[in-house]
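J.: Please see the structure below; I have some questions.
The values are calculated or read from the model by the stated rules, or taken from the named source; none is laboratory data. On a predicted model such as this, the values are computed, not experimentally measured, just so you know. Here the Cβ positions follow ideal geometry from the backbone for every residue, glycine too, while neighbour counts run over all protein chains shown. Each accessible area value is taken on the protein alone, full model and side chains, heavy atoms only, with ligands, DNA and RNA left out. Shrake-Rupley method; radii C 1.70, N 1.55, O 1.52, S 1.80 Å.
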Amino acid sequence: MRLTLALLIALIAFAAVPAFAEDGSSATQQFAQYKFDDNVWDDSGNIIVDDDGDQQKAGEPKHELASDPFEGWNRFWFQFNDKLYFALFKPIAQGYGYVLPQKLRQNFSNFFHNLLFPVRFVNCLLQFKFQAAGLNLSKFVVNSTFGLGGLADVTEGRKKTRPEIPDGIEDFGQTLGHWGMGNGPYLVWPLLGPSSARDTVGFVGDYFVSVDTYVLSFWEAVGYYAFGRINYLSLNLGQYETLKNGAIDPYQAFKDAYLRMRAKAVKE
Amino acid sequence: MPKLEDYSGQKVTYKKQMVRGDKAMVLTEVVDKDKTFSVNYRLIKIGGQWMVYDIIAEGISLVKNYRSQFAEILHDGNVDTLIAKLNEKAEHLQTAQTTETQK
C-alpha cells in the first residue's frame, strides 16, 4: 500500500522534468563538464566519502536489487494486473467512490489499518523495536475503543511525546530482511503485484498473524480483501496511471521502485 | 503538472542540508497526517546557481529508476532503440499534455 503513496511523491519530480529539457541539445554540452556521480552521499543522505576523499562505506548495499530470473513470468502477470486494473478494478472503484462519501471510505480504510495491528505489533517485537510496538499497541487500544472499533483514527495527527519513535509499519518480509535475509528473485503475483521471494514468505507469515484468517471463511475472506482493495483504490485513484505514464518501461520502473522502497523499509 | 494539486495540505519539513564543493543534498519530509515520507534532493552548482538533478522519494531515486529502465532497454536492444523509445514517450506525453490543457 505504501508503494503507490511513495511513488506519487516521485511524480512531483516527474512534473519538473520538462523545465530542464528546454535548451535541447545545447544542454547536453553545457552539462557535460559536470560530474553527476552520487559519490558524496547515499540516497538517505549518509556520507559515503569523507572530507579527505576516503571511502567510508562501500556504496550501495547489494541486497537492494534482486535478480529477475523469471522475467517472462513476471512480465506476463504485470501485464495481466495492468489489464485487470483498467478493465475491472478502476471502474468499480470509481463507481464505489461516486456513491460513498470520501469521509466514510476513509473510515473503512482506518478500520482495515486498525485490524492489521497484530501484524505490525508482532513484527515490531520480532525486530526488537519495542517502543514502536508500544506505540502501535496504544494506538490500537485507543482507536478500537474511543474510535469505535477502529473506524475513526482518534490518534491521527497527535504529536508524539517522543517523536524519535518510528511509526512501526512493519511486516514479516521486513523482519526477515532486518535479520539479514536477501530479497531472492523478484516476483510479480497475479492480483497482489510486485513482490520478492522473501516478501512472499513474509506475506504468508503475516497471513497467520492476521485476525481475519481465523474469523472469516474462505469466501468471506475473499470478499473482505476485495472490499479493502476497492476501498483503498477509491481513495488513491490515478496514482498508478501517473507513474505508469512517466515510465519508459513500466515493468522495470515498478520493479526498481518496489525493490528500493522495500530496501528502505527494511533499513528503518 | 496535474498531480501537484493533490499535494495541498501536506507539510514539508526541512531536516538537513549538506554542501560539499559544488554538490549538495537536502533532506526533507512530507508529513501527511500520521504518515511521513522522506523526499531528498540532490543538487549541483552550475554557473553559480544550485540546480536539482535528482529527487529521492521514499528511497526511490528518480534518476536511478530511469537508469534501470534504460539499462533494461539497452540490454535488449541498442542505443537507437532507447532513443526511439524516448522520442515516442516524449511525443506521447506532449499530446497528452495538450489535450489536458484544452479541457
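J.: If the requirement is being exposed (fewer than 13 other Cβ atoms within 10 Å of the Cβ) and out of contact with any strand residue (DSSP E or B) (no Cβ under 9 Å at 6 or more places or on another chain), which of these qualifies: A:F128, A:F140, A:F121?
T.: So the residue among A:F128, A:F140, A:F121 that is exposed (fewer than 13 other Cβ atoms within 10 Å of the Cβ) and out of contact with any strand residue (DSSP E or B) (no Cβ under 9 Å at 6 or more places or on another chain) is A:F128.
J.: Any chance the range A:206-213 includes a residue that's exposed (fewer than 15 other Cβ atoms within 10 Å of the Cβ) and assigned to a loop (DSSP other than H, G, I, E, B)?
T.: Yes, the range A:206-213 contains a residue that is exposed (fewer than 15 other Cβ atoms within 10 Å of the Cβ) and assigned to a loop (DSSP other than H, G, I, E, B).
J.: Among the helices (runs of 4 or more DSSP H) confined wholly to the range A:1-108, which include 1 or more residues that are modelled with pLDDT of 60 or more and at the interface with chain B (Cβ under 10 Å from one of its Cβ atoms)?
T.: Counting at least 1 such residues, we get A:25-32, A:71-84.
J.: Of A:W219, A:W189, which residue is surrounded by fewer than 20 Cβ atoms within 10 Å (Cβ to Cβ) and within 16 Å of the chain's Cα centre (by Cα)?
T.: Going through A:W219, A:W189 in turn, the sole match is A:W189.
J.: For B:T81, which of the numbered conditions (1) in a helix (DSSP H, G or I); (2) facing chain A (nearest Cβ under 7 Å); (3) open to solvent by 40 Å² or more (accessible area, probe 1.4 Å) fails to hold?
T.: Evaluating B:T81 over (1) in a helix (DSSP H, G or I); (2) facing chain A (nearest Cβ under 7 Å); (3) open to solvent by 40 Å² or more (accessible area, probe 1.4 Å) leaves (2) as the failure.
J.: Shifting gears a bit: Answer yes or no as to whether A:G97 is among the small types (G, A, S), closer than 24 Å to B:Q10 by Cα and buried (at least 19 other Cβ atoms within 10 Å of the Cβ).
T.: no
J.: Take the range A:247-264 and flag every residue that is within 29 Å of A:N46 (Cβ to Cβ) and more than 8 Å from chain B (Cβ to nearest Cβ).
T.: Scanning the range A:247-264 gives A:F254, A:Y258, A:L259, A:R262.
J.: So, in the range A:233-246, of the ones that are buried (at least 18 other Cβ atoms within 10 Å of the Cβ) and out of contact with any Leu (no Cβ under 6 Å at 6 or more places or on another chain), which residue ends up nearest to the other protein chains (Cβ to nearest Cβ)?
T.: If we take residues in the range A:233-246 being buried (at least 18 other Cβ atoms within 10 Å of the Cβ) and out of contact with any Leu (no Cβ under 6 Å at 6 or more places or on another chain), then A:G246 is nearest to the other protein chains (Cβ to nearest Cβ).
J.: OK, next. Can you run down the residue pairs with Cβ atoms below 6 Å, 6 or more apart or on separate chains, where the first is in the range B:46-69 and more than 7 Å from chain A (Cβ to nearest Cβ) and the partner is not hydrophobic (A, V, I, L, M, F, W, C)?
T.: Short answer, once both residue conditions are applied: B:V52/B:Y41; B:D54/B:R42; B:D54/B:S61; B:V63/B:D54.
J.: Here is a follow-up. For the range A:253-260, state whether one or more residues are basic (K, R) and surrounded by fewer than 20 Cβ atoms within 10 Å (Cβ to Cβ).
T.: Taking every residue of the range A:253-260 in turn, none turns out to be basic (K, R) and surrounded by fewer than 20 Cβ atoms within 10 Å (Cβ to Cβ).
J.: Is it the case that the range B:58-75 has a residue that's part of a loop (DSSP other than H, G, I, E, B) and either surrounded by 11 or more Cβ atoms within 10 Å (Cβ to Cβ) or not assigned by TED's automatic domain parsing to the domain that holds B:Y14 (or both)?
T.: yes
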